[in-house]
Structures are given as structure tokens and as C-alpha cells.
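Please read the structure below before turning to the comments.
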Amino acid sequence: MTARPRTYRAVVAVAAGAALLAGCSDDKASAAPELPASTCFGAFTPTELAPFMGTGEEARVAGPADVRLSAGRKSAICNIYVDGKTRFFASAERLPQGQHFTWAPAVDEQKPEPLPFAENSKLWDGGAAIFLSCDGPTDAFELKLWLDGSTEHIEQGERRPLFAGLMKKYLDFARQQTGCGA
């Protein structure tokens, strides 16, 4: 038997070790968790929110079935958790007409830009928010919408367009459900 060079044996040993470790890996830990068919008030599909989920074993949606706000129900919050960590957050809050709203300094630190379809809005790499006045079927009110998500698995240049698209859909959905503009 001929002696093989030391580097050859080292390469074979490393390759064998990598193959052994790959065979022992848990496929579930590297897969994206499955989301329910309807997420966050029924406003978003699992496909739309998949970029935020990352990897994990269990996804859980916590929030009401809808975002129908009224004088008696002033807010709705939805969180999507993956293995206990928040990966996506959506909220809607109904405020009395004329209530003053101030953007949090943390939002301004993110170098936000306005959304092209909403006057009093902000869009940043980690979320989007809108504050608008609404004429409802029985009264006027202010509506604050907020989206936030874990962006660690999303390319930098894709974050703002993703949030802008989701907020456009959420705005239309929330207006219909809250009677904003009815």
C-alpha cells in the first residue's frame, strides 16, 4: 500500500467529519415554521409574512380574528412568534378625533421616509406606521396603524419595499374593517 500525503488524509478526515455532522443535523431547526392560513386579523397570507419568520420549529399567532375597532374596542394587536420570539407585529389603534400624535424619537433615528400613499406616515428598514384621520359611519376618529418585523433574514434593499407593500395592503384592509372613510 502506498503512503498518501498528509494533506490528502486531512482533507478526507474533514470531509468525513462534515458528512457525519450533516447526517446528524435536525432538518426542523433549519426550516421555516408553518404559519396558519390566515395571519394577523386575516390581513396577510403566510407567503407575505414568510420573509420575517426565519428558522424554527413552532410559529404561533396571538391576536384577535379581526381589526374591527369601535368606540368600545379601541385597539387590536397581533404578534407572530417563532419559538417564543416575536418575528412580526401589527397593531391598529383608534383615537379620538383631533388627538395629537407624536412620532417616537426611536423611529426618527431610523432615517424614515414617507410612504407614497399616505400623508402622515413613516417607513424605515424595520417597519412602517401611518396616522390618519377617518370619517366613520357614526363619528370621526384618528387611526394609527403600525407594522414591525424581524428583518435579520431579509436583504437590506428589500426591507423598505416589503414593509411598504404590506402597509398598503394593511391600510386598505384596516380602513374597510374600521369604517374609516365610510
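The values are calculated or read from the model by the stated rules, or taken from the named source; none is laboratory data. The shown structure was predicted, so the numbers you read here are calculated from the model rather than taken from an experiment. A quick note on method: Cβ atoms are made from the backbone with ideal geometry, for glycine too, and the neighbour counts reach across all protein chains shown. Heavy atoms of the whole protein, side chains included, go into the accessibility calculation; ligands, DNA and RNA do not. Shrake-Rupley method; radii C 1.70, N 1.55, O 1.52, S 1.80 Å.
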Starting from the stretch 69-87, take each residue that is under 24 Å from Met53 (Cα atoms) and list its partners that are surrounded by 13 or more Cβ atoms within 10 Å (Cβ to Cβ) and of a type in the set (Ser, Thr, Tyr), counting only C-beta distances under 6 angstrom and pairs at least six apart or across chains. Ile77/Ser91; Asn79/Thr86; Arg87/Ser150
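Matching residues to (1) more than 13 Å from the chain's Cα centre (by Cα); (2) within 23 Å of Gly149 (Cα to Cα); (3) open to solvent by less than 70 Å² (accessible area, probe 1.4 Å); (4) modelled with pLDDT under 95:
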{"site": "Pro5", "(1), (2), (3), (4)": "yes, no, no, yes"}
{"site": "Ala10", "(1), (2), (3), (4)": "yes, no, yes, yes"}
{"site": "Ala13", "(1), (2), (3), (4)": "yes, no, yes, yes"}
{"site": "Ala16", "(1), (2), (3), (4)": "yes, no, yes, yes"}
{"site": "Leu20", "(1), (2), (3), (4)": "yes, no, no, yes"}
{"site": "Asp27", "(1), (2), (3), (4)": "yes, no, no, yes"}
{"site": "Pro33", "(1), (2), (3), (4)": "yes, yes, yes, yes"}
{"site": "Glu57", "(1), (2), (3), (4)": "yes, yes, no, yes"}
Positions within the stretch 108-125 being buried (at least 16 other Cβ atoms within 10 Å of the Cβ) and either aliphatic (A, V, I, L, M) or over 19 Å from the mean Cα position of the chain (by Cα) (or both), in sequence order: Leu115, Ala118, Leu123
Give the residue that is most open to solvent (accessible area, probe 1.4 Å), with candidates limited to residues of the stretch 126-144 that are assigned to a strand (DSSP E or B) and either under 26 Å from Gly157 (Cβ atoms) or polar (S, T, N, Q) (or both). Ser133
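Can you tell me which residue within the stretch 74-90, out of those that are closer than 30 Å to Thr138 by Cβ and loosely packed, with under 14 Cβ neighbours inside 10 Å, is nearest to the chain's Cα centre (by Cα)? Working first, answer last.
We begin by selecting, within the stretch 74-90, every residue closer than 30 Å to Thr138 by Cβ; these are 74-78, 89-90.
Remaining after also requiring loosely packed, with under 14 Cβ neighbours inside 10 Å: 74-75.
Values: Lys74: 22, Ser75: 18 Å.
Selected residue: Ser75.
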For the stretch 146-158, check the following and say yes or no: at least one residue is crowded, with 20+ Cβ neighbours inside 10 Å and either out of contact with any Phe, Trp or Tyr (no Cβ under 8 Å at 6 or more places or on another chain) or in a helix (DSSP H, G or I) (or both). no
Looking at the stretch 88-102 only, could you name the residues that are in contact (Cβ under 8 Å) with a residue 24 or more places away in the chain and either over 17 Å from Leu162 (Cβ atoms) or touching a Lys or Arg at 6+ places or on another chain (Cβ under 9 Å) (or both)? Ser91, Ala92, Glu93, Arg94, Leu95, Pro96, Gln97, Gly98, Gln99, Phe101
Every residue in the stretch 91-107 that is open to solvent by less than 50 Å² (accessible area, probe 1.4 Å) and farther than 15 Å from Arg175 by Cα, please. Phe101, Trp103, Ala104, Val107
